[in-house]
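J.: Attaching a single structure in structure tokens format; questions to follow.
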Amino acid sequence: MRKAKHKSVETRHMEERRELYESLKNIDRRSFLKVSAVALGTAMASGLAWPHSFQPASVLSPSTSSQGAESFRFAYISDSHLYKKDLNDRFVRALLRSVDDVNSMDPQPDFVFYGGDLAQLGQVEELELGAQILKDLKAPLKIMVGEHDWYLDMGEKWQELFGEPIQSWDHKGFHFVILNSVIEKDFWTERGMKPMERMMTVAGLDNGMQSSFTVGSEQREWLKNDLSKYSNDTPLIVFSHSPLYKLYKFWNFWTDDAEEVQAILKRFKSVVVIHGHTHQLLTNRIGNIHFHGLLSTAWPWPYAPEGMPELTIEMSRPDPFNPNDGCGNGEVITHTDGLIDKVYSLWNRNPITISSTYTSSWGKRDRPPMPNRPSY
Amino acid sequence: MNFLTLFKNQKGLFILCLLLVGAVVLLAPKANNDQTSDIPKGAHGEATMEYQLQELDKLMPKVDVSETPPGFDPVIWDAFIPEDNKMTPERVALGRKLYFDTRLSKDNSVSCATCHDVTRGFTDQRDVSEGIGGQLGRRNAPTVLNAVLLQTLFLDGRSPSLDHQAKMPITNPIEMGFPDGESAVEAIKDDVEYQKAFQEAYGRDINYEDIGRAIGAFERTLVFLDSPFLRFLSGDKDAISTEEKAGWVLFNGKARCVSCHHLSPSNPLGTDNRFHNIGVAARQPDFEKLAREGLKTLAEDPTEEQLEELALNTDLSELGRFMVTKMRSDVGTFRTSILLNIGITPPYMHDGSLTTLWDVIDHYNAGGEANPFLDGGIEPLALTEAEINQLVAFMFSMTDDRFTEENNRQKKEQKALAEKSRPERDEDMAFRRKLAFEDRAKGIKKQQ
């Protein structure tokens, strides 16, 4: 991992977890997997610090097939940030190209997930253009909202086009949930901001004016309730636009009530969280929750300056002469154990697969080859 | 180019001579190849080796080849010369002899000069080249002019040096057809002149490696940079016309050429030496099927021999640089071509599929051909007809003065062809009334 001046909460957790592993080194892997709760209790009693968010349960139980979960695949497209066609058609072409990519998949994916930020500034024309392009997808579309879609009219147009921003469904033994994780506290009324000023503020980075993203108590209740019907061994895939953990506050690579949401997901044997917003290869794991970022079709973000989660294979600096480099779309292949292979189909590079065994082994197995140029 | 404009802007006897040549060209009652019909032809449509040798003597200055050519910094020039093949008159003379020797082909009909013809811009001016037994290859022959300055050879860059490259066609079954290097050595080893020449050049008996080295040494003398444009670039404001200057402005701006065709006094070739998918290969009907096959085949990690076999004998050669690097980003990419002398080396692109420079600009103006591997820098340019003409005029100003006659002939001929047909012209795409990938995303097949 990169040396960083400041350490994010997640980075510190990673370090704590690594220390734990170091201290358990003398137990070989096989017997470690069989360590009973009693033995763990002993380990804790012997003075080992137990990281707050680290969930031993999923590491300690060898993965078995969850009931009824099937292996299938779905495609993803995300963060197209469309402007009106006559203002900027590069991003429009990029989304068209993604639709073409997905439509040429053979066999077709079960569905296509769109990860949010379809529009750049929430304009009616931008959203309608996006909706029109996505109509050409051959496979069914599931779509999530991003902050760029929302803060001009507080989601009015988006909901008119795409319906409920929060939803859940079952598919081939998996339970899927789409959250709206980009809810901000009202910073605009008091300041008398016009809708466009509000939109521009949310669309900006590094400004102290907007609040952090949250899922919010109301939605957390909804989630708890939605999940109450499902047993702990149900494979669960949650979509959120922002990462459901805390990575870098100033770019809102951050969800303020992440811990509360994680707590709701804690009881499940394994959970996959797939998020947009970060426009880069990004992998994390907190206990039973495996996090995967999505590529943007519009532009790649550089990596946040405070260091990245340990499991992340950082992509190297995109080629400035090729506006496609670092962009792309991809696919997700589910496994019967409830985990996924996450494929980053970078347009200008060989695809990179973050396999389920890579995250389930905490990066010890099936590590993808490192890029041949440095990160950025 | 308008000759009257040229007369107003430029002075001197030399230009007057040009005008006379131009006038002859204009007045000639000709069809396409009439201008070259009085040239004696060989088996594959090339000028005979004897004729080419005479022409070459007229083109090449009598110089000491071991010295840095004028206009080059000796340190820079040295960087282009391999340690084991320093330039000597003996090596260049030997290479010159080998370059024109058809004995290096299995049926004694093909030499280097068959496809890299002195009278045709050191290429063959055909879409793809013809080798022994009239077999056709899959790629357009690149010019040897200034190839010394390239970082890699072949359109997919699979060869690191001229010395290495020069050997490859000899054992290519389609081109010169010897089963191996030894057979080629066998074909010339009884020639006493060669025995002597190899001893003088390399102090050894005839061998395959030195055949490559000698041809490489000869090719390194083919530096042809003396174009009106490069004189303009080095400060002579009157060296090119107003129209050509307008083309140069577009080249660096609206037309976006310079992003890949790097062009400056210190990098006069006009190539970034990199590989790009601009969508030419994607016009092949099966390109994407091939690409998927290629990705799959190469994922199974074939041996070098299998790879060479695939690249040579199957349609997978359309995947270009990908067959060398196995990188997805290289699917359908070919090296950015040299721009110097571009006027005299038609047809264009790796498969010779574009007949005129107007077609080339039309291709770029429309944003290339949409395909899943298209380079991100390729986008519609919205160039008007006047701007297209300026760019083409500019490109014709990059030809070395020694080829002015052929350049003028080409310009006239290509213009006539372009007036008749502009198959790549697509104004809806160029002016973004329709976007790349739009039809594809909708599932609409392009009409061929």
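J.: Among the helices (runs of 4 or more DSSP H) confined wholly to the stretch B:208-322, which include 3 or more residues that are crowded, with 18+ Cβ neighbours inside 10 Å and within 14 Å of chain A (Cβ to nearest Cβ)? It would help to see each step written out before you state the result.
T.: Values: elements: B:208-219, B:228-233, B:242-252, B:287-299, B:304-313.
It comes to B:287-299.
J.: Please state which one of B:Ala436, B:Ala416 is surrounded by 20 or more Cβ atoms within 10 Å (Cβ to Cβ) and either at pLDDT below 95 or more than 18 Å from B:Gly352 (Cβ to Cβ) (or both).
T.: Working: B:Ala416 fails: surrounded by 20 or more Cβ atoms within 10 Å (Cβ to Cβ).
Unique residue meeting the criteria: B:Ala436.
J.: What's the number of the condition A:Asp79 fails, among (1) within 14 Å of chain B (Cβ to nearest Cβ); (2) outside any helix (DSSP H, G or I)?
T.: Among (1) within 14 Å of chain B (Cβ to nearest Cβ); (2) outside any helix (DSSP H, G or I), the lone unmet condition for A:Asp79 is (1).
J.: Among what's in the stretch A:334-348 and is closer than 22 Å to A:Trp301 by Cα and touching a strand residue (DSSP E or B) at 6+ places or on another chain (Cβ under 6 Å), pick the residue that is farthest from the other protein chains (Cβ to nearest Cβ).
T.: Across the stretch A:334-348, the extreme among qualifying residues is A:Lys342.
J.: Could you check the stretch B:128-149 and list, in sequence order, the residues that are in contact (Cβ under 8 Å) with a residue 60 or more places away in the chain, in a loop (DSSP other than H, G, I, E, B) and either β-branched (Val, Ile, Thr) or in contact with a strand residue (DSSP E or B) (Cβ under 9 Å, 6 or more places away or on another chain) (or both)?
T.: Matches in the stretch B:128-149: B:Val128, B:Arg139, B:Asn140, B:Pro142, B:Thr143, B:Val144, B:Leu145.
J.: A follow-up question, please. Search the stretch B:176-194 for residues that are more than 22 Å from B:Ala93 (Cβ to Cβ) and pair each with any residue that is surrounded by 13 or more Cβ atoms within 10 Å (Cβ to Cβ) and aliphatic (A, V, I, L, M) when their beta-carbon atoms are under 9 Å apart and the residues are at least 6 apart or on different chains.
T.: Final answer for the pair search is B:Gly177/B:Val110; B:Gly177/B:Ile132; B:Gly177/B:Ile170; B:Phe178/B:Leu104; B:Phe178/B:Ile170; B:Phe178/B:Ala184; B:Phe178/B:Ala187; B:Ser183/B:Ile170.
Residue-wise test of (1) within 14 Å of chain B (Cβ to nearest Cβ); (2) in a loop (DSSP other than H, G, I, E, B); (3) out of contact with any strand residue (DSSP E or B) (no Cβ under 6 Å at 6 or more places or on another chain); (4) surrounded by fewer than 24 Cβ atoms within 10 Å (Cβ to Cβ).
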| residue | (1), (2), (3), (4) |
| --- | --- |
| A:Ala304 | no, yes, no, yes |
| A:Asn322 | yes, yes, yes, yes |
| A:Gly326 | yes, yes, yes, no |
| A:Val332 | no, no, no, yes |
| A:Asn350 | yes, yes, yes, yes |
| A:Gly363 | no, yes, yes, yes |
| A:Pro369 | yes, yes, yes, yes |
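J.: Continuing with this model, one more query. Could you list, in sequence order, the residues of the stretch A:301-327 that are touching a Pro at 6+ places or on another chain (Cβ under 8 Å) and closer than 29 Å to B:Ser259 by Cα? Spell out how you get there, then give the answer.
T.: So in the stretch A:301-327, the residues touching a Pro at 6+ places or on another chain (Cβ under 8 Å) come out as A:313-318, A:325-327.
The answer is A:Glu314, A:Met315, A:Ser316, A:Arg317, A:Pro318, A:Asp325, A:Gly326, A:Cys327.
J.: If you don't mind, another one. Test of understanding: among A:Asp106, A:Asp86, which residue is assigned to a loop (DSSP other than H, G, I, E, B), without any contact (Cβ under 8 Å) to a residue 24 or more places away in the chain, facing chain B (nearest Cβ under 9 Å) and farther than 23 Å from B:Ala430 by Cα?
T.: After applying the criteria, what remains is A:Asp106.
J.: Quick test for you: out of A:Ile166, A:Ile183, pick the one residue that is closer than 30 Å to A:His335 by Cα and in the same structural domain as A:Ala119 (by TED's automatic domain parsing).
T.: Of the residues listed, the single one that is closer than 30 Å to A:His335 by Cα and in the same structural domain as A:Ala119 (by TED's automatic domain parsing) is A:Ile166.
Residue by residue, here is whether (1) modelled with pLDDT under 95; (2) outside the structural domain of B:Ala43 (by TED's automatic domain parsing); (3) in contact with a His (Cβ under 9 Å, 6 or more places away or on another chain) holds:
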position	(1), (2), (3)
B:Tyr99	no, no, yes
B:Thr123	no, no, yes
B:Gly134	yes, no, yes
B:Ala141	no, no, yes
B:Asn146	no, no, no
B:Leu150	no, no, no
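J.: Identify, from the list B:Glu130, B:Glu182, the residue that is under 22 Å from B:Thr48 (Cβ atoms), surrounded by fewer than 23 Cβ atoms within 10 Å (Cβ to Cβ) and charged (D, E, K, R).
T.: Residue meeting the stated conditions: B:Glu130.
The values are calculated or read from the model by the stated rules, or taken from the named source; none is laboratory data. Bear in mind that the values here come from a model prediction, so they are computed numbers and not experimental data. Glycine gets a Cβ as well: all are built from the backbone with ideal geometry, and neighbour counts include every protein chain shown.
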